[in-house]
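Below is one structure, written out as structure tokens, with a few remarks after it.
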Amino acid sequence: MIFNDDEFSHWIFFTGFVMVNAALLFLQAIFLHKEKQTAGDTVLLILNALFLGAGIFANLGFEEIGLDLYVVALLAILSAFLLWKRGNQPLFLYYTAAYWLGLIASFIAQIQR
């Protein structure tokens, strides 16, 4: 019973989380944003990404890390790869900034513990 509650539910949640976020990234790769992204757009994306990065930091920075680290790392790598390969698209920039900032801040917090 404890396995189903603690472990299996995490696997189900994170599988869905990866599938939804990877689908969004792949849809951005298929349907590229055609309009020119201004500096103001980039600033707003990064500012908004700070909030997601703070959530990742709050989740990973102060507790024992489990499956969530691998999920966030996988999505961080995927978003950075797509940003590198497909160019400066809004979702690639947003996800890369949020996930990498969250991971780096969490890594620093875990080292300080």
*asked:* It is to be established whether one or more residues within the range 47-58 are touching a residue at least 24 places away in the same chain (Cβ under 8 Å), over 13 Å from the mean Cα position of the chain (by Cα) and either in a helix (DSSP H, G or I) or under 20 Å from Ile108 (Cβ atoms) (or both).
replied: no
Does the range 78-90 include one or more residues that are modelled with pLDDT under 95 and at positive phi?
yes
Among residues of the range 96-113 being out of contact with any helix residue (DSSP H, G or I) (no Cβ under 8 Å at 6 or more places or on another chain) and not in a loop (DSSP other than H, G, I, E, B), the residue farthest from His10 (Cα to Cα) is Gln112
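Can you find a residue that is within 28 Å of Thr38 (Cβ to Cβ), among the aromatic types (Phe, Trp, Tyr) and open to solvent by 60 Å² or more (accessible area, probe 1.4 Å) anywhere in the range 58-73? Step through it out loud before you land on a result.
Quick first cut of the range 58-73, residues within 28 Å of Thr38 (Cβ to Cβ) only: none.
Looking through the range 58-73, none of the residues is within 28 Å of Thr38 (Cβ to Cβ), among the aromatic types (Phe, Trp, Tyr) and open to solvent by 60 Å² or more (accessible area, probe 1.4 Å).
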Going through the range 23-69 in order, the residues found to be in contact with a helix residue (DSSP H, G or I) (Cβ under 7 Å, 6 or more places away or on another chain) and of a type in the set (D, E, K, R) are Asp68
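From the list Leu25, Leu93, which residue is part of a helix (DSSP H, G or I) and either without any contact (Cβ under 8 Å) to a residue 60 or more places away in the chain or not hydrophobic (A, V, I, L, M, F, W, C) (or both)?
Working: Leu25 fails: either without any contact (Cβ under 8 Å) to a residue 60 or more places away in the chain or not hydrophobic (A, V, I, L, M, F, W, C) (or both).
Just a single option satisfies the conditions, and that option is Leu93.
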Listed by first then second residue, the pairs whose first member lies in the range 1-15 and is basic (Lys, Arg), whose partner is at pLDDT below 90 and not in a helix (DSSP H, G or I), with beta carbons under 7 Å and at least 6 positions apart or on separate chains, are none
Checking the structure you have, find out if any residue of the range 61-81 is closer than 11 Å to Leu103 by Cα and either basic (Lys, Arg) or outside any helix (DSSP H, G or I) (or both). yes
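The values are calculated or read from the model by the stated rules, or taken from the named source; none is laboratory data. Worth saying up front: this structure is predicted, and the values here are computed from it rather than measured. With ideal geometry, Cβ positions are generated from the backbone for all residues, glycine too; neighbour counts draw on all protein chains shown. Remember, those area values only see protein heavy atoms, side chains included, never the ligands or the DNA or RNA. Shrake-Rupley method; radii C 1.70, N 1.55, O 1.52, S 1.80 Å.
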